[in-house]
Amino acid sequence: MEENKALVRRYYKEVLTGRDRELLAQLLDPSFVSHVPGGPVVGIDVYAAAVEATHAAFADLVVTVEDQVAERDRVTTRWSASGTHTGSFAGVAATGRPVTVTGMHFHRIGQGRLVEHWEELDQLGAMRQMGALG
């Protein structure tokens, strides 16, 4: 279980914060799928594009692991992310505002790779901080 937690921490540190696109491809199993509230289940290509779009929108993005629990092949992580809104995101043009979001990810691990991903995050708070809501 500690190996699984370390794998997920590496994903946050080196892929999300460090922007290592090649490592993302190595960490994702070919059968990888991502579940996001209100959206369709997506595979590697769409997920990688979403990560890239997030990086384009928040040039100085830093994701911090706040808490983590693992059992069998599952890892749950409570995280926070902060960055400056420097590019278009979710239909909101760049504002230059600082944004901090909290959320949780639930990962399923298989053979040392991320196989499945579920995400819950404070989208409303992010939109407010970007000035998209009153």
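Contact map, the range 86-110: residues that are over 18 Å from Arg9 (Cβ atoms) and touching a residue at least 24 places away in the same chain (Cβ under 8 Å) paired with residues that are among the polar types (S, T, N, Q) and surrounded by 13 or more Cβ atoms within 10 Å (Cβ to Cβ), Cβ distance under 6 Å, separation 6+ or inter-chain. Pairs shown: Ala94/Thr86; Pro98/Thr84; Val99/Gln129; Thr100/Ser82.
Contact map, the range 22-42: residues that are at pLDDT 95 or above paired with residues that are of a type in the set (Lys, Arg), Cβ distance under 9 Å, separation 6+ or inter-chain. Pairs shown: Leu23/Arg10; Gln26/Arg113; Leu27/Arg10; Leu27/Arg113; Leu28/Arg113; Asp29/Arg113; Pro30/Arg113; Phe32/Arg113. Which condition does Thr77 not pass, out of (1) closer than 26 Å to Gln129 by Cα; (2) not in a strand (DSSP E or B), if it passes all the others? The number of the failed condition is (2).
Before we move on, is Ala49 aliphatic (A, V, I, L, M) and either at pLDDT below 95 or surrounded by 18 or more Cβ atoms within 10 Å (Cβ to Cβ) (or both)? Taking the combined requirement at face value, the residue does not satisfy it. Consider Leu124 carefully, then state whether it is aliphatic (A, V, I, L, M), free of Cβ contacts under 8 Å to residues at least 24 places away in the same chain, touching a helix residue (DSSP H, G or I) at 6+ places or on another chain (Cβ under 8 Å) and not in a strand (DSSP E or B). It is false that Leu124 is aliphatic (A, V, I, L, M), free of Cβ contacts under 8 Å to residues at least 24 places away in the same chain, touching a helix residue (DSSP H, G or I) at 6+ places or on another chain (Cβ under 8 Å) and not in a strand (DSSP E or B).
Within the range 56-66, is even one residue closer than 21 Å to Ile109 by Cβ and crowded, with 16+ Cβ neighbours inside 10 Å? Checked the range 56-66: at least one residue is closer than 21 Å to Ile109 by Cβ and crowded, with 16+ Cβ neighbours inside 10 Å.
Being within 11 Å of the chain's Cα centre (by Cα) and either loosely packed, with under 13 Cβ neighbours inside 10 Å or modelled with pLDDT of 95 or more (or both) is a property that does not hold for Val99.
Given Val51, Val69, Val15, Val63, which one is free of Cβ contacts under 8 Å to residues at least 12 places away in the same chain, closer than 29 Å to Glu2 by Cβ and either assigned to a loop (DSSP other than H, G, I, E, B) or touching a Lys or Arg at 6+ places or on another chain (Cβ under 9 Å) (or both)? Full working, then the answer.
On the way: Val51 fails: free of Cβ contacts under 8 Å to residues at least 12 places away in the same chain; Val15 fails: free of Cβ contacts under 8 Å to residues at least 12 places away in the same chain; Val63 fails: free of Cβ contacts under 8 Å to residues at least 12 places away in the same chain.
Of the residues listed, the single one that is free of Cβ contacts under 8 Å to residues at least 12 places away in the same chain, closer than 29 Å to Glu2 by Cβ and either assigned to a loop (DSSP other than H, G, I, E, B) or touching a Lys or Arg at 6+ places or on another chain (Cβ under 9 Å) (or both) is Val69.
Of the set (1) within 19 Å of His35 (Cα to Cα); (2) in contact with a helix residue (DSSP H, G or I) (Cβ under 7 Å, 6 or more places away or on another chain); (3) not in a strand (DSSP E or B), all apply to Val46 but (2).
The values are calculated or read from the model by the stated rules, or taken from the named source; none is laboratory data. In this text the structure is predicted, and so the values were computed from the model without any measurement. Positions of Cβ are generated from backbone atoms using ideal geometry, with glycine treated the same way; all protein chains shown enter the neighbour counts.
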